[in-house]
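Asks: Below is a structure I'd like to ask you about.
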Amino acid sequence: MDIIVLGTGQNGGIDAVINNLKLNLNQQFRYRRFVSHKGGNKFFDLMLALWGLWVVFWLSLLPGERIFHLHMSYRGSFWRKRIYMKVAQFFGRKVLIHLHGSEFKKFYQASDGKVQQQIRQLIYNADAFIVLSQSWREYIESILESPQQANLVVLPNFAVVAPSPQSEGQQNHVLFLGALIERKGIFDLLQALRELPDVVLHVGGGGDVARFQQAVAEYGVEKQLVFHGWIDHEKKAQLMAETQLLVLPSYNEGLPVVILEAMAAGLAVLSTPVGGIPEVIIPGQTGYLVEPGKVEQLTDAIRQALHDDSRSAMADNARALYQQNYDVSVVMPRLEKLYVS
């Protein structure tokens with residue numbers, strides 16, 4: 001059976017999820033990935049979108065057993081996947097829509113009544129509409145008039161973590177991994193860092209690098225910061241072993257792969273109660289949570305976590321939770337069952 005996958009190829013969580021699925025899918029399935037968006041150049045993205053449409057049309061037309069697995073976020077991604085689904089289903093093909101969009105709620109709420117109806121219709125018409133957590137399922141159900149008519153499936157992300165050296169991390173070294181954009185809370189974290197002169201922040205990621213570097217200079221934290229840019233799995237494992245705390249003070253999320261990676265690696269996590277995060281990071285049990293945008297609260301929480309004697313025990317609890325519910329051996333069989341059902 002061919003699994004035809006379309007989604008963004010832009011560096012980030014969705015791209016990581018798609019790659020993880022490809023690496024771990026049972027060999028009875030033939031996984032074929034096509035990039036329909038890259039980010040950056042709008043003309044190039046338009047060409048990729050049209051290329052994706054041609055791929056869907058042609059592969060829907062050809063004989064053979066074939067399923068389309070479409071990874072969707074919001075705005076342009078929604079419109080692309082809506083068209084792709086209509087084409088594939090016109091030819092009688094099974095289509096799975098996999099929602100990743102951290103800002104999908106904002107997109108839906110900001111849309112007019114006609115667009116909201118089109119969004120709901122896509123959810124109803126998908127052969128399966130995959131969400132990352134129970135809280136996301138509850139949100140999708142809340143916007144549908146008849147949620148029982150939609151085939152909503154909770155399928156969490158999972159992590160593929162490179163082997164890491166045994167280490168308790170360097171004292172007062174913390175880690176941020178993600179896009180350098182407002183939504184990820186990186187600029188709040190830089191403000192907090194200014195009030196934590198003994199803390200060293202390691203940053204891995206890309207995005208608005210110019211604004212990030214400007215903020216670093218503005219807050220005067222150059223000597224407290226190590227910028228690594230985009231990093232590979234081996235470097236990520238090294239940084240997770242060399243630091244004591246992953247900090248991701250996001251404003252909106254689905255279920256971040258980087259949090260699952262930290263849980264799997266035994267690195268304590270401090271994040272925010274948005275998206276599916278509260279289902280994995282439970283204060284006092286598996287990590288730390290602060291409200292997004294509350295810089296003073298974030299500052300105090302980092303200080304507390306770095307001096308918390310129970311931090312290692314909570315990281316161990318988080319790893320156990322990951323292995324029970326989010327490990328590849330748990331998640332992949334559920335997806336493969338969805339393909340053949």
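Asks: Has the range 210-231 got any residue that is at pLDDT below 95, over 29 Å from Y74 (Cα atoms) and under 21 Å from the mean Cα position of the chain (by Cα)?
Replies: Checked against the condition, which is being at pLDDT below 95, over 29 Å from Y74 (Cα atoms) and under 21 Å from the mean Cα position of the chain (by Cα), the range 210-231 yields no hits at all.
Asks: Just to confirm my filter: which strands (runs of 3 or more DSSP E) fall fully inside the range 225-274 and include at least 1 residues that are under 28 Å from L99 (Cβ atoms)?
Replies: Per the criteria, 245-248, 269-271.
Asks: Quick check on my filter: what residues within the range 71-83 are over 18 Å from Y339 (Cα atoms) and touching a helix residue (DSSP H, G or I) at 6+ places or on another chain (Cβ under 7 Å)?
Replies: S73, Y74, R75, F78, R80, R82, I83
Asks: Now for a separate question. Looking at V199, V203, V161, which is the one that is of a type in the set (A, V, I, L, M, F, W, C), over 16 Å from V216 (Cβ atoms) and touching a helix residue (DSSP H, G or I) at 6+ places or on another chain (Cβ under 8 Å)?
Replies: That would be V161, the only listed residue that is of a type in the set (A, V, I, L, M, F, W, C), over 16 Å from V216 (Cβ atoms) and touching a helix residue (DSSP H, G or I) at 6+ places or on another chain (Cβ under 8 Å).
Asks: When residues of the range 276-293 are filtered for being part of a loop (DSSP other than H, G, I, E, B) and within 20 Å of R319 (Cα to Cα), how many remain?
Replies: Residues meeting the conditions: 7.
Asks: Of everything in the range 126-153, what is small (G, A, S) and either touching a residue at least 40 places away in the same chain (Cβ under 8 Å) or over 21 Å from I83 (Cα atoms) (or both)? Give them in sequence order.
Replies: Correct list: A126, A128, S133, S135, S142, S146.
Asks: Considering each of R137, R120 in turn, give the residue that is among the charged types (D, E, K, R) and in contact with a strand residue (DSSP E or B) (Cβ under 8 Å, 6 or more places away or on another chain).
Replies: Criteria check complete, one pass: R137.
Asks: While we're on this one: Look through Q285, Q244 and report the one residue that is closer than 22 Å to H173 by Cβ and assigned by TED's automatic domain parsing to the domain that holds H202.
Replies: Q244
Asks: I would also like to ask the following. Return the total of residues in the range 104-123 being in contact (Cβ under 8 Å) with a residue 60 or more places away in the chain and more than 19 Å from P156 (Cβ to Cβ).
Replies: Adding up the residues that qualify gives 1.
Asks: Let me ask another. Out of the range 112-143, which residues are part of a loop (DSSP other than H, G, I, E, B) and surrounded by fewer than 17 Cβ atoms within 10 Å (Cβ to Cβ)?
Replies: Matches in the range 112-143: D112 only.
The values are calculated or read from the model by the stated rules, or taken from the named source; none is laboratory data. Everything numeric here is computed off the predicted structure, so don't read it as measured data. Neighbour counts run over all protein chains shown; Cβ positions are idealised from the backbone, glycine included.
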